[in-house]
Amino acid sequence: MADTHRAPDAPSHRRPSPGPQRETVGNVVSLARDIGQSELPASSDPSPLTLARLIEGEIIPRLLMAHRAGSDSDVIPMTTGVIAPAELERFSRMVMVSDLSALVDHVDLLTRRGVGIETIYFDLLSPAAKRLGEMWEADDCAFTDVTIGLCRLQQLVYEFADRMHVEAGGGDGRTALFALTPGDHHSFGLVLVVEYFRRAGWRTVCMPDATARDLRDAVRGEWFDLVGFSMADERWLDTLAPVISDVRTASMNEDVRVIVGGRAFETDPARVARVGADETAGDARQAVRVAEALFQRRQSVA
């Protein structure tokens, strides 16, 4: 933006005369106050820099969101850096009907607004996946709609993975195998976990459709330091316990560690011991930290 300088001979005491420019400023100030900009100065004449930041950071994104909403009259409240509940609800429905390019544009808009990639992953994409499941259980959408939506969410994870900053977890060449509990089909959380471990320095193998026999063969034929299972539906609890037992027995690594995660363990952490796992984690970020802690404890004991 160009700076404005006063000419040397121009008097400094003159007040600006009313006109189109002042009217425009007044309209911007009025709109800004309507959307709740508490940091706006009390003066009706904020500086040009303040106005520019306000227009770029709040008003333009808000208008774009309203325009993209089509004929809907309600405008999602926009708070820089966070995902509003109304935004999450609309996005959850958007992933079922929009193509990938439209969704990428939408997420790009959020990042320009100041929302971090981790916030998008864990406060938008992951909750949207859960919301899809809730809508299906409430008979608010078809199974095919949920399938399409989950596919789009996974594509978004891969699309923005290179922008994600994950602190090096010190994978140290360790290898982790990740799988869904046999019978379970909610794989989106597993996608996030695998991506986080990979970026934290682990070598990862993902087997979302593996049977119990597939998993036994995998750990018998290759060394794994860690095996992780995801489970959303608690009805598969009795299935998972013997699978974990078989994995431990068949593993080339007699000291293999097992972690579990997913909605079934969020609602009742005591289920971790029931299935014979070592630890649980609430999300992908925590899973990396939990895994690192497991191996640090093992090293300190050795």
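So, of the residues in segment 281-302 that are among the β-branched types (Val, Ile, Thr) and closer than 18 Å to residue 200 by Cβ, which turns out to be farthest from the chain's Cα centre (by Cα)? Spell out how you get there, then give the answer.
First pass over segment 281-302, keeping only residues among the β-branched types (Val, Ile, Thr): 288, 290, 301.
With closer than 18 Å to residue 200 by Cβ added as a condition, the list becomes 288, 290.
Numbers: 288: 15, 290: 19 Å.
If we take residues in segment 281-302 being among the β-branched types (Val, Ile, Thr) and closer than 18 Å to residue 200 by Cβ, then 290 is farthest from the chain's Cα centre (by Cα).
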In segment 89-123, which residue that is out of contact with any His (no Cβ under 9 Å at 6 or more places or on another chain), in a helix (DSSP H, G or I) and of a type in the set (Val, Ile, Thr) is surrounded by the fewest Cβ atoms within 10 Å (Cβ to Cβ)? 97
Exactly one condition in (1) in contact with a Lys or Arg (Cβ under 8 Å, 6 or more places away or on another chain); (2) surrounded by 15 or more Cβ atoms within 10 Å (Cβ to Cβ) is not met by residue 173; state its number. (2)
Do we find a residue being aromatic (Phe, Trp, Tyr) and not in a helix (DSSP H, G or I) anywhere in segment 132-144? no
Assess whether residue 180 counts as being among the aliphatic types (A, V, I, L, M), at pLDDT below 95 and touching a Pro at 6+ places or on another chain (Cβ under 7 Å). yes
How do the helices (runs of 4 or more DSSP H) wholly within segment 199-302 filter down when requiring 1 or more residues that are in contact with a Lys or Arg (Cβ under 6 Å, 6 or more places away or on another chain) and open to solvent by 20 Å² or more (accessible area, probe 1.4 Å): which remain? 237-250
Here is a check on your reading of the model: is residue 156 buried (at least 20 other Cβ atoms within 10 Å of the Cβ), modelled with pLDDT of 90 or more and over 23 Å from residue 229 (Cβ atoms)? yes
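The values are calculated or read from the model by the stated rules, or taken from the named source; none is laboratory data. What you see is a predicted model, and the numbers here were worked out from it, not measured in a lab. Neighbour counts are summed over all protein chains in view; Cβ atoms, including those assigned to glycine, are modelled from backbone coordinates with ideal geometry. Heavy atoms of the whole protein, side chains included, go into the accessibility calculation; ligands, DNA and RNA do not. Shrake-Rupley method; radii C 1.70, N 1.55, O 1.52, S 1.80 Å.
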